[in-house]
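First comes the structure, then the notes that go with it.
Bear in mind that the values in this text are calculations on the coordinates, not laboratory data. Source: prediction; values computed, not measured. Neighbour counts are summed over all protein chains in view; Cβ atoms, including those assigned to glycine, are modelled from backbone coordinates with ideal geometry.
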Amino acid sequence: MKGRLGHVLAALAALIVIQVDARYTVMVPGPVEFTHDVLRAAGGPSMSHMDPNFINHFGETLELLREIFLTKVGQPFVVAGSGTLGWDMFAAAYLEPGDSVLVLNTGYFGDRFAENMEVYGANITHLRAPVGDRPSLQEIEQALASAPHPYKAITITHVDTSTGVLMDVKETSALVRKKSPSTLIVVDGHHHH
């Protein structure tokens with residue numbers, strides 16, 4: 001076919017191929033992209049948590065998580081849910097009404113984490129930076145030093161996708177361990193390549 005109809009049909013055929021084969025890059029906190037190997041494995045038969053093979057797979061997963069988090073003794077938790085569920089699990093299990101928490105707030109997710117902890121009665125202190133920036137180590141040190149008593153926890157959003165701010169978890173954690181060793185460091189983290 002020649003002419004306009006031929007061009008329209010050719011464009012439509014190309015569009016169909018693109019729609020079938022295209023992998024979209026999703027630039028939001030979730031869902032995440034998976035490799036084809038993971039998608040194939042997820043498309044296989046389901047395994048019950050009561051299956052004897054599940055115990056080995058789950059144990060291997062925990063060991064690999066320990067490697068990722070650079071710990072031999074830490075207890076990783078595998079949670080089938082959103083990041084918000086992780087916040088809620090932390091707040092419900094660890095915080096008591098009146099506990100003080102320092103939120104290193106770099107955007108929307110710091111606000112949301114704080115709101116979650118306030119539901120459980122936590123007293124929140126926000127250490128905010130201008131939009132697109134993060135609190136400096138000096139500001140964090142000053143906030144820790146000026147507290148009337150040590151914070152029970154400090155929260156760090158590794159990457160706040162609402163602002164694109166990346167926190168240096170390693171440096172921040174080292175500072176907190178040095179200046180306020182009894183303060184639990186809680187990281188809302190994402191794995192990035």
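With a simple spin-label model that places each label point 7 Å from the Cα along the Cα-to-Cβ direction, the separation between Ala174 and Leu65 comes to 2.7 nm. Neighbours of Gly164, meaning other residues whose beta-carbon lies under 13 angstrom from its beta-carbon, give a summed charge of -1 when Lys and Arg score +1 and Asp and Glu score -1. Legend: calculated FRET efficiency, Glu141 to Ala80, from the Cβ-Cβ distance at R0 = 25 Å, rounded to 0.05, equals 0.10.
In this Cβ point-charge picture (+1 for Lys and Arg, -1 for Asp and Glu), the range 52-135 has a dipole of about 180 debye about its Cα centre. Peptide packing for 126-136, 37-47 was compared via the average number of neighbouring C-beta atoms within 10 Å per residue; ordered from the highest value, the list is 126-136, 37-47. Note on Phe34 and Phe54: the model spin-label points, each 7 Å out from Cα along the C-beta direction, lie 1.7 nm apart. What aspartates and glutamates could a cross-link reach from Lys179, if we take a straight Cα to Cα line under 12 Å and drop same-chain neighbours fewer than 8 places away? Filter leaves Glu141.
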